[in-house]
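Structure, as structure tokens:
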Amino acid sequence: KNFLSMSVQNETSQQIHASKDSNVAANKLNDIPEAPQEVKKHFGDVVVENTMERIKMAEKKKQKQSNDVDRASPKWQSENNEKLPEKKEATMLELSNQLVLGPLSHIPLKSLLDIETKLVYIDEEEISFEFSEPAVPPGPRSAHRDCADAVGAPAPTGSALLRVDKRLRVTLRDASSCYRQKNYAVAAAQFATALELCSKGAAIGKPFDSSPEDISSIASFIETKLVTCYLKLRKPDLALNHSHRSITLNPAYFRNHLRQAAVFRCLERYSEAARSAMIADYMYWLTGGTEQHISKLIKLYWQAMIEEAITREESFSVMYTPFVTKVKVDKTDKMKDTFTKKHPDYVEHIYTDHHGLHILPQTTEWSSPPPQQYLLTLGFRNKHIGKILEKLSSRKLPIFSDRKAPFSPLTKEESRRHWETIGKKIVPVMDFIRSTKLIDNFCACSRAIEKLHYASILGRLQQVTEQSQVINQAMAELASIPYLQDISQQDAELLQSLMADAMDTLEGRRSDKERVWNKIEKIGIIEDFLYQVEDSYLKNKRLRAARREKMKMKRLQSMQQHQSLGNTKLSLTSPKDMATQPTRKLTL
């Protein structure tokens with residue numbers, strides 16, 4: 001009852017908020033382009049074992065898509081500056097033609113619920129074996145096929161047909177029956193039992209003939225059903241980890257990302273919901289989705305989450321500027337002046353993120369790359385927070401470091417203060433920045449490393465539940481990376497190490513000090529310390545040089561004064577006085 005009443009209150013408050021703060025929303029949404037009218041333990045070893053295999057599978061899917069249809073990989077993001085014709089110059093960066101002329105209308109809650117009904121709560125009875133080669137000739141959606149249902153229809157794996165284990169089949173049948181009867185509590189308990197059977201090896205009738213990918217597909221199906229059950233029960237906090245794990249087990253299925261977005265929306269974490277919707281839309285296109293109305297619904301959901309995140313945020317505001325070529329200093333200054341005029345309450349610190357290009361749902365069309373790209377300008381009410389975020393945006397590998405003594409471990413009180421700054425003020429802004437940024441130019445794993453650093457802070461504060469959720473979210477990000485962008489061998493090895501260490505942390509293996517992200521943080525802190533020492537040395541050197549120059553100038557001025565006094569005395573002596581002076585003879 002408490003969960004139910006709380007959720008109803010949340011939905012009511014959303015509607016009240018939309019009407020009550022319409023003027024604030026109008027001001028903040030002025031800088032978003034106008035929308036077009038059209039509208040922990042489960043299978044840990046399996047996940048780690050298949051990381052490199054999924055990277056290869058993602059690359060194969062991308063190459064196959066580029067051969068069949070003229071579709072481009074997101075690597076246009078990194079190559080854009082080199083390949084665009086020079087004649088475009090910075091003409092697209094004319095600030096006089098700012099993104100929209102009038103405020104956007106708030107997308108009503110009913111529209112979002114309709115989208116969730118059509119795309120999130122759809123009753124899927126089939127288990128998707130997405131990592132298996134289909135036994136039938138590939139159709140337009142060969143990368144995503146439903147090959148076996150929950151009651152044991154055969155699933156192709158290579159040339160063999162495998163059947164779901166009998167005990168699991170019965171459990172899934174009962175759970176599906178309860179779900180269709182809207183008895184979601186009993187259905188959730190049955191699906192949880194099915195998940196436990198999978199973890200004990202009872203997924204495929206002939207386990208020695210099955211592949212880890214088959215087991216992952218079945219487990220992902222069960223995880224998604226648990227997500228929908230808990231969402232129906234209005235318990236998004238219980239659905240959260242299941243939504244993360246469904247993506248970790250099956251990152252290529254767009255509905256898994258969309259269900260994650262729905263969970264984030266119910267938790268009022270709108271920036272993260274926007275990122276999940278963005279990835280869902282891209283995955284739908286990547287895996288051969290051709291129904292335009294589905295893509296439009298996902299983009300509308302993505303747009304609504306961005307708008308909701310902006311209107312609810314009080315510590316910062318944003319402005320998107322169309323981008324084509326490299327921005328010069330005078331253009332950056334002009335963007336800053338324009339932001340100051342539009343958002344006078346957020347001018348304590350203003351900076352433009354030059355280290356990553358952003359995309360918006362209103363102007364993104366994956367089938368005709370590259371989509372319109374934007375520079376993101378952010379303004380803050382707190383100068384200290386703005387400076388920290390500007391520094392973080394220029395790092396190749398992100399760390400959360402603000403220590404006075406980098407070689408001393410944080411005390412519990414210092415950790416709590418650190419969390420107050422990072423968890424409540426820094427992480428929400430970084431989540432928003434990622435909501436329109438599909439890939440990372442510096443390091444493919446940056447987003448996951450950010451989350452794992454945050455999980456370490458939660459671990460030091462003994463917030464075990466929150467730590468588990470953040471680690472599972474980071475693992476979902478890691479599993480999705482090979483599908484989002486081309487990665488180097490170095491990034492692939494880092495991804496595999498991060499995934500393995502994340503699983504070890506969830507299962508309580510080894511000390512948290514031995515994790516890859518903690519080593520990255522340690523190196524980053526040492527680098528910061530060395531840079532600070534160097535800056536301090538150079539500053540003192542400049543001060544010493546300035547003092548020496550000042551003393552030199554004083555001595556020179558003093559000598560000039562003495563010389564001028566001597567000349568004055570000499571000029572006062574008359575020729576007569578000089579003639580009367582006795583001459584001295586020099587004797588040898």
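The values are calculated or read from the model by the stated rules, or taken from the named source; none is laboratory data. From a predicted model like this one, the values you see are computed outputs, not experimental measurements. Every residue, glycine among them, receives a Cβ derived from its backbone with ideal geometry; neighbour counts consider all protein chains shown. The accessibility values were calculated without ligands, DNA or RNA, using every heavy atom of the protein model including side chains. Shrake-Rupley method; radii C 1.70, N 1.55, O 1.52, S 1.80 Å.
Of note:
- Only one of Thr436, Thr421 that is open to solvent by less than 20 Å² (accessible area, probe 1.4 Å) and not assigned by the TED database to the domain that holds Trp302: Thr436
- Cβ separations smaller than 7 Å between residues 6+ apart or across chains give the following pairs from the range 373-388 residues that are part of a helix (DSSP H, G or I) to residues that are surrounded by 22 or more Cβ atoms within 10 Å (Cβ to Cβ): Gly386/Phe380.
- Flag for Thr325 being in a helix (DSSP H, G or I), surrounded by fewer than 22 Cβ atoms within 10 Å (Cβ to Cβ) and in contact with an Asp or Glu (Cβ under 8 Å, 6 or more places away or on another chain): no
- Qualifying residue in the range 493-514 (condition: open to solvent by less than 70 Å² (accessible area, probe 1.4 Å), outside any helix (DSSP H, G or I), modelled with pLDDT of 70 or more and at positive phi): yes
- Of all the listed residues (Ala150, Ala188, Ala143), the sole one being farther than 26 Å from Tyr301 by Cα, at pLDDT below 50, of a type in the set (Gly, Ala, Ser) and surrounded by 14 or more Cβ atoms within 10 Å (Cβ to Cβ) is Ala150.
- Residues satisfying the stated conditions in the range 459-476, i.e. assigned to a helix (DSSP H, G or I) and either open to solvent by 20 Å² or more (accessible area, probe 1.4 Å) or under 13 Å from Leu410 (Cβ atoms) (or both): Gly459, Arg460, Val464, Thr465, Glu466, Gln467, Ser468, Gln469
- Residue among Arg180, Arg169, Arg173 that is open to solvent by 50 Å² or more (accessible area, probe 1.4 Å) and in contact with a Gly (Cβ under 6 Å, 6 or more places away or on another chain): Arg169
- Boolean, Ala277 is small (Gly, Ala, Ser), assigned to a helix (DSSP H, G or I) and assigned by the TED database to the domain that holds Thr117: yes
- Hey, Phe442 open to solvent by 20 Å² or more (accessible area, probe 1.4 Å) and either within 15 Å of the chain's Cα centre (by Cα) or modelled with pLDDT of 85 or more (or both) or not: yes
- Test: residue in the range 240-254 that is modelled with pLDDT of 95 or more, open to solvent by 10 Å² or more (accessible area, probe 1.4 Å) and not polar (S, T, N, Q): yes
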